[in-house]
Amino acid sequence: MRSGVAFYESHGFGRLRVMMAIVFELWAECSTEVERGTLVDHFDGFQCTLLTGRTISWRAFSTPGLPTALTVHSDGLSNSGIKNLQHVLETTESGLRLYHHLKIGPAFRFARIALEAGCVPLMDLKDSVAPIAPGECRLEVECVVDDALYKELGSPQFCFPFRPGYWWTRYSGERYSPLHSNDQPGLNELCRSLFPEYVKYWSP
């Protein structure tokens, strides 16, 4: 179990995830438990210094119930999603640095970096493949896959070489919404006054 943030549990044919936070993370799956262990070692204790000068330390954990999967996350980043401009800049830069560390790391089958990245596991990845023309498809999730998985998914268009034997859809960064933030009180109060029905369903 990873730091009390969330845990995973095998449940029939699917996977039950109990959410306790909204965490920015790397989710990866490997071909074997040995490969998984090697990738955990590669990421556990990894540190990166952001452009702001902050140093972010990362922990890697095996996933209970999924012996070839792992997660990587940091207690130094927000665990409540993207709530302000600083959050989006820090998580986006962290995403770039995690992908770079993945690029020089050991073997894996599938990896994704995002808020709650584990919500799209390898077993569900085919659901994110969409047809775009006869005989052509695209992968509608940002991730990295090995060559065998790339071919298994139908060799999607708009995938680019990540490193030898791997393809990715590239990383476009995280998203920031001023109306779902905690650093724009004026805009949020204006929204509430113009659209009071928002109060029933949403509060930043």
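Side notes on the structure shown:
- The set of residues in segment 149-179 that are in contact with a Lys or Arg (Cβ under 8 Å, 6 or more places away or on another chain) and either acidic (Asp, Glu) or assigned to a helix (DSSP H, G or I) (or both) contains only Leu149.
- Within segment 79-131, the set of residues being of a type in the set (Asp, Glu) and either assigned to a helix (DSSP H, G or I) or in contact with a helix residue (DSSP H, G or I) (Cβ under 7 Å, 6 or more places away or on another chain) (or both) comprises Glu90, Glu93, Asp124, Asp127.
- In segment 32-74, of all residues being assigned to a helix (DSSP H, G or I) and of a type in the set (A, V, I, L, M, F, W, C), the one that is farthest from the chain's Cα centre (by Cα) corresponds to Val34.
- Residues that are at negative phi and hydrophobic (A, V, I, L, M, F, W, C) within segment 144-162 comprise Val144, Val145, Ala148, Leu149, Leu153, Cys159, Phe160, Phe162, listed in sequence order.
- Considering residues of segment 37-65 that are at pLDDT 95 or above and closer than 17 Å to Cys143 by Cβ only, the residue surrounded by the most Cβ atoms within 10 Å (Cβ to Cβ): Leu39
- Applying the condition of being farther than 19 Å from Phe24 by Cα and touching a Lys or Arg at 6+ places or on another chain (Cβ under 9 Å) to segment 106-123 and asking which residue is surrounded by the most Cβ atoms within 10 Å (Cβ to Cβ) yields Phe108.
- For the criterion of being among the hydrophobic types (A, V, I, L, M, F, W, C) and over 22 Å from the mean Cα position of the chain (by Cα), Cys191 passes.
- The single residue among Thr55, Thr63 that is free of Cβ contacts under 8 Å to residues at least 24 places away in the same chain and touching a Gly at 6+ places or on another chain (Cβ under 9 Å) turns out to be Thr55.
- Residues located in segment 150-201, provided they are closer than 23 Å to Ile104 by Cα and of a type in the set (D, E, K, R): Lys151, Arg163, Arg170, Glu174
- Boolean, Leu70 is surrounded by 13 or more Cβ atoms within 10 Å (Cβ to Cβ), touching a Leu at 6+ places or on another chain (Cβ under 8 Å) and in contact (Cβ under 8 Å) with a residue 12 or more places away in the chain: yes
- Of the numbered criteria (1) over 19 Å from Tyr171 (Cα atoms); (2) out of contact with any Ser or Thr (no Cβ under 7 Å at 6 or more places or on another chain); (3) among the β-branched types (Val, Ile, Thr), the one Thr55 fails is (2).
- Qualifying residue in segment 136-146 (condition: buried (at least 18 other Cβ atoms within 10 Å of the Cβ), of a type outside the set (Val, Ile, Thr) and touching a residue at least 60 places away in the same chain (Cβ under 8 Å)): no
The values are calculated or read from the model by the stated rules, or taken from the named source; none is laboratory data. Since the model is a prediction, treat every value here as computed from it, not as a measurement. Heads up, the Cβs are rebuilt from the backbone with ideal geometry, glycines too, and the neighbour counts pull from every protein chain shown.
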